[in-house]
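Written below as structure tokens is the structure these notes are about.
Throughout, read-outs are computed from the coordinates displayed, never taken from laboratory work. A quick note: this is a predicted structure, and the numbers were derived from the prediction, not measured. A quick note on method: Cβ atoms are made from the backbone with ideal geometry, for glycine too, and the neighbour counts reach across all protein chains shown.
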Amino acid sequence: MSAAGGAGIEIVLGRRYHFAASHRLHSAKLSAEENRRVYGKCNNPHGHGHNYVLEVQVSGEVDAATGMIANLADLDAFVGREVLESFDHRNLNEEVAAFRDVVPTTENLCKEAYARIKGFGAARLLRVRIEETGNNSFEYDGK
Amino acid sequence: MITITRKIEFSASHRYDNPAFSPEENRRVFGKCNNPHGHGHNYTLEVTVAGEPDPQTGMVLDLKELKELLEREVMRRMDHRHLNFEVPELAGKIPTCENIAQVLWELLEPKITQGRLHKIRLYESPDLYAECRRNGTGGA
């Protein structure tokens, strides 16, 4: 029996963060015309922005002394340092090195956020989910 | 397999404090949640049951029965209560989202007889939740 749950259950902690950023969807591998066709309004040369929601799920044993999988203050500080500081109020194409040659779609944002949060030592990262708007969300579990 | 999710909301107060820690340690580990006077949240609980629809009724379970079960087991036990002092199942535990979710799973799981409890997700605020689910279900 695990301290987390026993009886074959898994306990997951989910935390949502908010950041606002601008981007432009444009691929150097496509012609100007193809870029306009594929990305539509998102190819606007001046870029545009979103209020993103980043949801992080971690799992692990619940510490009997604290009742926690991971101290929220530690998770918040880690995600703040590793992700939010470099994404929030930034132009993703221009200011995040990972998106110099990679189109900053939300699919790719998920992969980048996952890679950055994976190193959180206090619990196992299960997945990240990013809402680009209230109507679009994307998930990545590292597989 | 079909999953069906019912949502309820309750309000409760709590405080994080481990008597084995010194006051300084409690403040360091639990921060604002260690305020001696406690604080409260509007919790949202989502209960997901999985199963096959009954060929006679077309339902995995009778939602009215689930609603009554949640009223009996969750609302009466936790709504407008102080979780440290008034919920015996949480005695001796820090009433974190993780621990409350686990207690709720243990209360509800044996009582769901139509279908099978698949997952519960307990939101302490819109930006924080704990989820209990069966190992191996990998649910998103």
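Observations, loosely collected:
- Neighbours of B:Asp62 by Cβ distance under 13 Å: Lys/Arg scored +1, Asp/Glu scored -1, total 0.
- Volume in Å³ per residue [convex hull over Cα atoms, computed for chain B]: 118 Å³
- Taking each of A:Lys143/B:Lys67; A:Lys143/B:Lys7; A:Lys41/A:Lys118; B:Lys93/B:Lys119; B:Lys7/B:Lys111; B:Lys64/B:Lys93 in turn, the alpha-carbon distance tops 27 angstrom for A:Lys143/B:Lys67; A:Lys143/B:Lys7; A:Lys41/A:Lys118; B:Lys64/B:Lys93.
- Legend: translational diffusion of the protein assembly as shown by Stokes-Einstein, Rh = Kirkwood radius over C-alpha pairs, 4 °C, 1.567 mPa s; D = 62 µm²/s.
- Sites matching GluC sites (Glu not before Pro) across the range A:14-106 that sit in DSSP coil, with at most 16 neighbouring C-beta atoms within 10 Å: A:Glu61
- Equivalent ellipsoid, the range B:59-102 (semi-axes from 5 times Cα gyration tensor eigenvalues, Å): 25, 12, 7
- According to the Kirkwood relation over distinct C-alpha pairs, the hydrodynamic radius of the range B:89-140 is 11.9 Å.
- Per principal axis, descending, Cα span of the range A:33-89 in whole Å: 59, 20, 15
- The range A:1-110 - convex hull of the alpha-carbon atoms, volume per residue in Å³: 123 Å³
- What the Cβ-Cβ distance of A:Asn44 and A:Ala77 gives, at R0 = 25 Å and to the nearest 0.05, is a FRET efficiency of 0.10.
- Look at the stretch B:94-103: the mean tally of other chain Cβ atoms within 10 Å of its residues' Cβ atoms is 6.
- Rg and Dmax over the alpha-carbon atoms of the range A:53-143 stand at 13.9, 46 Å.
- Relative contact order (%) - criterion: Cα under 8 Å, at least six apart; region: the range A:28-134: 41 percent
- The radius of gyration of the Cα set in the range B:1-78, together with its Dmax, comes out at 19.1, 61 angstrom.
- B:Lys64-B:Phe85 FRET efficiency (beta carbon distance; Förster radius 30 Å; 0.05 resolution): 0.40
- Summed residue charge, Cβ within 11 Å of B:Asn35's Cβ, Lys/Arg positive, Asp/Glu negative: +2
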